[in-house]
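What follows is a set of notes on a single structure, which appears directly below.
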Amino acid sequence: MKTLKSFALLLLMSLFAITSCEGPQGPPGHDGNANVQSATVETTPYDWFWDEGALNWYLDLEWDAIDLDMVDYGAVLVYMENPGEFYGWHQLPLTIYPNDQYSTTLETIYYDYGLSVFWTNSDLNQHENPCDFYGANITFKVVLIDASVYAKYQNEDLSNYENLVRLLKQENIVLD
């Protein structure tokens, strides 16, 4: 019986605390959407590492917003700003033909809390560091779209970054 009285008293105090919390309304918050996140990452030559065993350059990006649900059910989209003659945002995987001797392929692997970008030359030789090759830092855009939003757009062309921006803008979602 004592336990029942204690429970009733605790319930009554909880109800009183909930209903007596009043005060002035705070300022309105910023519009946003937690279902879509983006980040722009500029890489320098010091961010890239040569893997002698895999014969490629690689870059690791950690972001705690990339979780297993995002990887398995949503979308992790990576775009590279090509500083070469074909300026613009290009979705990875991407193959670039710097000259008629070889090509370079950029691929990504996503994992819990991050992703890796691999830069592999077709001749499997160690060419210059990617940033040194272009003579500039290389910029990536990473866009995370959770499953609820991705389901609306999975039949759209998301490989075109400008198209992605246009589609999300219709939902009042603005990317970095």
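Key figures
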| item | result |
| --- | --- |
| Of residues in the range 142-152 being open to solvent by 20 Å² or more (accessible area, probe 1.4 Å) and not polar (S, T, N, Q), the one nearest to E42 (Cα to Cα) | D146 |
| Residue that is open to solvent by less than 70 Å² (accessible area, probe 1.4 Å) and either more than 18 Å from D51 (Cα to Cα) or touching a Lys or Arg at 6+ places or on another chain (Cβ under 9 Å) (or both), where the choices are Y102, Y113, Y97, Y87 | Y102 |
| Test result for L168, open to solvent by 80 Å² or more (accessible area, probe 1.4 Å), of a type outside the set (S, T, N, Q) and touching a residue at least 40 places away in the same chain (Cβ under 8 Å) | no |
| Within the range 73-100, tally of residues that are polar (S, T, N, Q), over 18 Å from Y58 (Cα atoms) and assigned to a strand (DSSP E or B) | 0 |
| Within the range 51-77, considering residues that are closer than 19 Å to F133 by Cβ and surrounded by 13 or more Cβ atoms within 10 Å (Cβ to Cβ), the one nearest to the chain's Cα centre (by Cα) | L59 |
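The values are calculated or read from the model by the stated rules, or taken from the named source; none is laboratory data. Predicted model, so just to flag it, every value in this text is computed and none were measured. All Cβ positions, even for glycine, are placed from backbone atoms using ideal geometry, and neighbour counts span all protein chains on display. Note: accessible area is taken over every heavy atom of the protein model, side chains too, but ligands, DNA and RNA are not part of it. Shrake-Rupley method; radii C 1.70, N 1.55, O 1.52, S 1.80 Å.
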